[in-house]
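In what follows, a single structure is set out as C-alpha cells and then discussed.
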Amino acid sequence: MTMMRRIAAAVARAPSLESRGGGRLCPAPCLITRGFSDSTEGGETKTGTVKVFQYQKAYGFIVPDGVDRINHTNNELFFFHRADIKLADSGTDGEKYYPSLSRGQRVEFTADAPDEGKESPRARNITLEGGKIVPPFNDGYLENFTRVQKARFGDEVFEIMSTSIDQEEMESRIVEAFDGVKARIERQEGRVKRSKDGYE
C-alpha cells in the first residue's frame, strides 16, 4: 500500500469532531478569567450541589443545601463565575489552571450578596465539599483532548489532500500538520502533569 493510500485509510478511520463526545475542551481565549475573587470577608460558609456550569461562558449556579433541587426560585440559587472557584497555587512556571465543575458535584462556598441588578446571591471561594481544591482537570480530560486532536488531524489531512498542487507539497503539509498535533498533545500532557504535581 502506498503512503497516500495509508493516509487516506487513516483519515477514513479517524472520528469526526462532531462525534468526539463530551469533554471540557476550551479554546485559549476562554481560559482568561476576569477579576479572580479570593475574598473571604463576611459571608457564611455553605454547602450545596452544582446545578449547572457552562464552561464556555464561565458561569454556573449552585443549589444550596435545604433548597429543593428542582422546584426553586432564582433568588434561592447561588450564581458563580469560574473566577470564584479557588485555585491551587501556581507552579514554578507561574502557570494557572482554571478547573471545571460538573452537574451534581458537591461543593462548599462562601455566601455573598447578589451582584447589582441580579436576583441570585453570589457564591465565592468555591471548593469541593470538605474544603479540598477542585482538580484542574477532570478524569479522562487528556484522553479526550488527544482523541480530538487526532480527529482534527484527520480533517486537516483531508483538506491538504484536496487542495495540494503536487505530491511534494502535500507530503510536506501533512508532516507539518502531524508535527503540530504531536506538539499540542505533548504540551497538554505537560500541563496536566504540572497541575497534578501542584494539586497533590
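The values are calculated or read from the model by the stated rules, or taken from the named source; none is laboratory data. This one's a predicted model, so the numbers in the text were calculated from it and none came from an experiment. Cβ sites come from the backbone with ideal geometry, for glycine too, and all protein chains shown count toward neighbours.
Determine whether residue 119 is of a type in the set (Asp, Glu) and part of a loop (DSSP other than H, G, I, E, B). In short, yes.
Considered as a group, the residues in region 94-121 that are in contact with a helix residue (DSSP H, G or I) (Cβ under 7 Å, 6 or more places away or on another chain) and modelled with pLDDT under 90 include one that is nearest to residue 48 (Cα to Cα), and that residue is 98.
For region 129-180, filtering for residues that are surrounded by fewer than 17 Cβ atoms within 10 Å (Cβ to Cβ), free of Cβ contacts under 8 Å to residues at least 40 places away in the same chain and of a type in the set (A, V, I, L, M, F, W, C) leaves 3. Only residues that are under 16 Å from residue 188 (Cα atoms) and in a loop (DSSP other than H, G, I, E, B) were counted across region 122-150, and they come to 6. Residues being within 22 Å of the chain's Cα centre (by Cα), modelled with pLDDT under 85 and aliphatic (A, V, I, L, M) are represented in region 185-193 by at least one member. In region 105-119, the residues that are within 11 Å of residue 44 (Cα to Cα) and touching a residue at least 12 places away in the same chain (Cβ under 8 Å) reach residues that are of a type in the set (A, V, I, L, M) and not in a loop (DSSP other than H, G, I, E, B) with C-beta atoms within less than 8 angstrom, at least six apart or across chains, in these pairs: 108/126; 108/128; 109/62; 109/123; 109/126; 110/123; 111/123; 112/123.
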